[in-house]
Amino acid sequence: MEYTIVTNPVWADAEHTIINCIVDFVDVGTVPFTANPLDTGNSSSKQIFDECVAGDYGPVAEYVL
């Protein structure tokens with residue numbers, strides 16, 4: 001899925017394996033999204049996760065229980 005911007009990345013777990021964020025998808029609009037590098041159902045998920053980890057959208061906030 002094509003997207004234009006990702007905001008508010010935050011670790012969704014203490015192990016730092018998934019990231020919650022807000023994504024503006026071209027065909028869907030702006031939605032909450034969980035980026036998972038192991039997600040095979042959404043081709044953007046791993047890419048968004050990798051970009052967040054690389055700091056492309058600012059620092060990933062720490063997980064808070």
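The values are calculated or read from the model by the stated rules, or taken from the named source; none is laboratory data. All of these numbers come straight from a predicted model, not from anything done at the bench. Cβ: placed from backbone, ideal geometry, glycine included. Neighbour counts: every protein chain shown. The protein model used for the area step is the full one, side chains on, heavy atoms only, and it has no ligands, DNA or RNA in it. Shrake-Rupley method; radii C 1.70, N 1.55, O 1.52, S 1.80 Å.
Tabulated data for the structure shown
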| quantity | calculated |
| --- | --- |
| Net charge of Cβ neighbours under 12 Å - reference Cys21; Lys, Arg +1; Asp, Glu -1 | -3 |
| Accessible area per residue in Å² at 1.4 Å probe, computed on the chain | 62 Å² |
| Given charges at beta-carbon only (K, R positive; D, E negative), |dipole| of the chain in Debye | 60 debye |
| Convex hull volume per residue for the chain, taking Cα atoms only, in Å³ | 75 Å³ |
| 5 angstrom amide H check on Tyr3, placed H, neighbours 5+ away | Val26 |
| Carbon and sulfur %, accessible surface of the chain computed with the full protein complex present, 1.4 Å | 56 percent |
| Neighbour-limited loop hits for GluC sites (Glu not before Pro), the chain (at most 10 other Cβ within 10 Å; DSSP other than H, G, I, E, B) | Glu2, Glu15, Glu62 |
| Charge context of Thr34, other residues only, Cβ under 15 angstrom, K/R +1, D/E -1 | -4 |
